[in-house]
Amino acid sequence: MKKVILVASALLMCSCGATNIKSQLDAGKGGIPVHQFSDAKTIEEIRNLKPQATLPLNIAVMPPQGWRSELSIEEREIIEGWSVKLKKIGFIESLKIIPKSLKPNCGFKSDPDCYLEKSRSAGARIGADAILFLNHSTVTDSYVNVASILNLTIIGMWIVPAHHRESYSVYESALFDIDNGYLYSTEEAHGEYKTVKPAMYVDYNTGQLEARLEALNKLGQKLYDMASKELSR
């Protein structure tokens, strides 16, 4: 009985609200170039940069890097779906996701020169004249409520919604001209997914995909708005 009381007390002490995880989310950002990477050095040279490609663009999409960043089927469908609206307004001719076999074996944070060179080469190999870099940072906050005391019963672990999962994601993008490194735009969009479920129906990454999909959908709209603005110039 004493052990049961101790376990129950521990569960009640763990019952808390979501913590501030903005720092964790920010730590995963910055995995793509977000400034001009041409040979231009002076302010005048940078300002005088012009895209080499002409509209409509053939865009190669560089997926996020890292062992936990592989695009899901749902994410691929969203990205491929962007081409419909972008083609309709005349901003792109094609949009292709760079295959895994052509992805750089170096990361932007660890070796930016290698990453940029390999990425531009990969885009050129599939006939693109512009490359869209993607990166996301996704984290989940986990905590329990007071109902978690019922986890002491087996049935409680299956039916009592006591485990909270709050997933947050930020997707960032940067669109570059492959030939001279001209930066068309950088965009950023956020998504979140919150749920509370019984212990047997949650794990460490519950809700992360849903948060990423929301962020990716919002990012697509921002890219469309950017394209529309570019065409109106």
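The values are calculated or read from the model by the stated rules, or taken from the named source; none is laboratory data. This is a predicted model, so every value here is computed, not measured. Neighbour counts run over all protein chains shown; Cβ positions are idealised from the backbone, glycine included. Keep in mind that these areas ignore ligands, DNA and RNA; they rest on the heavy atoms of the full protein, side chains included. Shrake-Rupley method; radii C 1.70, N 1.55, O 1.52, S 1.80 Å.
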Take the conditions of a type in the set (S, T, Y), modelled with pLDDT of 80 or more and outside any helix (DSSP H, G or I) and apply them to T19. Does it pass?
no
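Scan segment 179-197 for residues that are farther than 30 Å from W158 by Cα and among the hydroxyl-bearing types (S, T, Y) and jot them down.
Hits for segment 179-197 are Y182, Y184, S185, T186.
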Within the bounds of segment 145-156, is there any residue that is surrounded by fewer than 16 Cβ atoms within 10 Å (Cβ to Cβ), of a type in the set (S, T, Y) and over 29 Å from A53 (Cβ atoms)?
yes
Restricting attention to segment 223-233, the residues that are under 23 Å from T138 (Cβ atoms) and open to solvent by 90 Å² or more (accessible area, probe 1.4 Å) number exactly 0
Is it the case that segment 115-136 has a residue that's open to solvent by 20 Å² or more (accessible area, probe 1.4 Å) and within 18 Å of the chain's Cα centre (by Cα)?
yes
Return the pairs, sorted by first residue and then second, in which the second residue is assigned to a strand (DSSP E or B) and buried (at least 19 other Cβ atoms within 10 Å of the Cβ), the first residue lies in segment 176-203 and is basic (K, R), the beta carbons are less than 8 Å apart, and the residues are 6+ apart or on different chains.
K194/H164; K194/R165; K194/E166; K194/S167; K197/H163; K197/R165
Hey, which of the helices (runs of 4 or more DSSP H) in segment 70-178, taking only ones fully inside, have at least 2 residues that are at pLDDT below 85?
154-159
Six or more apart or on different chains, Cβ under 9 Å: which pairs go from a residue in segment 50-74 that's over 22 Å from E210 (Cβ atoms) to one that's part of a strand (DSSP E or B) and basic (K, R)? Could you list them?
N58/K96; I59/K96; A60/K96
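Any residue at all in segment 18-27 that's hydroxyl-bearing (S, T, Y) and under 24 Å from N217 (Cβ atoms)?
There is no residue in segment 18-27 that is hydroxyl-bearing (S, T, Y) and under 24 Å from N217 (Cβ atoms).
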